[in-house]
Amino acid sequence: MIKVEHLFKQFEDTKVLKDINVEFEDGKTYAIIGSSGSGKSTLLRCLNGLEKPTSGNIVIDGVDIVHNEKLLPQLRQKIGMVFQSFNLFAHMNATDNITFALMKVKKLSLSEAKKIAMEKLSEVGCSHRANHYPHQLSGGEKQRVAIARALAMEPTVMLFDEPTSALDPEMTVEVLKVMRGLTHLGMTIIVVTHEMNFAREVSDLIIYMDNGEIVEINPPKIFFEQTQSERAKKFLNNML
Ligand code: ADP
Ligand code: MG
């Protein structure tokens with residue numbers, strides 16, 4: 001379980017996160033939505049230690065990671081992250097993108113790592129792209145390889161930051177299909193997305209952010225059908 005308590009983040013004069021309080025329960029799926037600039041990416045980046053909060057606590061399985069930086073490397077093994085821009089290693093083929101951390105961080109042998117890479121590529125429907133380099137892959141394939149790479153580390157939490165925002169509709173569908181499959185595997189999934197139908201379908205809770213604050217946390221049915229705040233209503237109207 002991840003507990004975020006009174007989290008603040010400020011970049012120089014800009015207050016980006018203002019008193020964020022939220023709990024992410026094991027095995028559940030959360031969709032974070034909100035306008036651009038509302039602090040969604042910053043919150044995700046704080047959760048896996050890419051960004052250091054200005055104040056507040058993030059307690060993961062009982063350990064406050066804000067005040068125990070030594071534990072960050074260990075934490076990152078438990079938390080996979082997938083970015084809008086894929087972030088694959090350009091000079092490595094799909095297999096090597098996956099085996100790299102398995103050998104370096106998990107200290108697996110090349111053959112063990114390759115076996116896992118092939119399994120994960122198969123799970124995301126990219127077995128036939130194992131020897132392709134990122135520039136030889138479509139956007140959807142790149143994102144699915146990035147997901148396979150994250151899954152190979154056997155994370156208990158997966159963070160997705162607008163994983164389909166750079167993709168055309170067809171590729172979006174294939175990536176969402178892979179992500180939908182993940183929601184049944186017992187991992188905690190936190191996804192920042194503008195895909196409202198997807199958010200509604202897969203998430204246990206919708207977290208609506210605006211201007212550095214969490215304005216609403218509700219099950220999708222309530223969020224979409226009995227929207228509580230004026231801010232969320234306005235946001236949803238603009239999305240239609
Ligand atoms: P979102 O993902 O919801 O679009 P972000 O978390 O990326 O929002 O950004 C929230 C605000 O924080 C924006 O105003 C953005 O310009 C600012 N911000 C994000 N990262 C930095 C940074 N490294 N330095 C300064 N300002 C930043
Ligand atoms: Mg963002």
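The values are calculated or read from the model by the stated rules, or taken from the named source; none is laboratory data. As the structure is a computational prediction, the values presented were derived from the model and not from experiment. Ideal geometry is used to build each Cβ from the backbone, glycine not excepted, and the neighbour counts take in all protein chains shown. Please note that ligands, DNA and RNA were not included when accessible areas were found on the heavy atoms of the full protein model with its side chains. Shrake-Rupley method; radii C 1.70, N 1.55, O 1.52, S 1.80 Å.
Using unit Cβ charges (K, R positive; D, E negative) and no other charged atoms, how large, in debye to the nearest 20, is the dipole of the stretch 69-211 about its Cα centre?
700
Show me 219-229, 34-44, 176-186, 87-97 ranked by packing, highest mean number of other Cβ atoms within 10 Å first.
34-44, 87-97, 176-186, 219-229
Calculate the FRET efficiency for residue 57 and residue 85 from the Cβ-Cβ distance with a Förster distance of 30 Å, rounded to the nearest 0.05.
Computed FRET efficiency for residue 57 and residue 85 comes out at 0.50.
Determine the share of the chain's accessible area contributed by carbon and sulfur atoms, expressed in whole percent, with a 1.4 angstrom probe.
Reported share for carbon and sulfur atoms: 50 percent.
At 7 Å along the Cα-to-beta-carbon direction for both residue 3 and residue 103, put a label point, then send me their distance in nm to one decimal.
With each label point 7 Å from Cα toward Cβ, the separation is 4.2 nm.
What is the sum of charges around residue 1, taking Lys and Arg as +1, Asp and Glu as -1, for the other residues whose C-beta is under 9 Å from the C-beta of residue 1?
Neighbour charge sum, excluding residue 1 itself: -3.
Relative contact order (percent) for the stretch 1-81, with alpha-carbon contacts under 8 angstrom and 6 or more residues of separation?
33
With +1 on each Lys and Arg Cβ and -1 on each Asp and Glu Cβ, how big is the dipole of the stretch 90-154 about its Cα centre, in debye rounded to the nearest 20?
120
Going out from 0 in 10 Å bins, what whole percent of all Cα-Cα distances in the stretch 90-154 drops into each bin?
26, 59, 15, 0
Out of 235, 63, 215, whose Cα points farthest toward the positive end of the dipole of the chain (charges: +1 Lys, Arg; -1 Asp, Glu; placed on Cβ)?
Among 235, 63, 215, the one farthest towards the positive end of the dipole of the chain is 63.
With the crude spin-label approximation of a point 7 Å out along Cα→Cβ, what separation in nm comes out for residue 15 versus residue 173?
Spacing of the two 7 Å Cα→Cβ label points: 4.5 nm.
Please name which of 124, 143, 153 has its Cα lying farthest along the dipole of the stretch 90-154 towards the positive end, using unit charges on Cβ (Lys, Arg +1; Asp, Glu -1) and the Cα centre as origin.
Comparing the listed Cα positions along the dipole, 153 ranks first.
Given a 1.4 Å probe, how much area per residue of the chain is accessible, in Å²?
For the chain, the per-residue accessible area is 49 Å².
Given a Förster distance of 45 Å, report the FRET efficiency between residue 225 and residue 128 from their Cβ-Cβ distance, rounded to the nearest 0.05.
According to the calculation, E is roughly 0.60.
Cα to Cα, under 23 Å, and not fewer than 8 places away if on the same chain: which lysines meet these conditions relative to residue 18?
Cross-link targets: 3, 9, 40, 52, 233, 234.
Name the lysines eligible as straight-distance cross-link partners of residue 115: C-alpha to C-alpha under 30 Å, and not fewer than 8 places from it in the same chain.
Correct list for residue 115: 28, 78, 104, 106, 107, 142, 177.
Identify all aspartates and glutamates with a Cα-Cα distance to residue 114 below 12 Å; exclude those on the same chain that are fewer than 8 residues away in sequence.
96
Rounded if a/c is under 1.5, else prolate if a/b is larger than b/c, else oblate: which is the stretch 1-78, with a ≥ b ≥ c the root eigenvalues of its Cα gyration tensor?
Note, shape of the stretch 1-78 comes out oblate.
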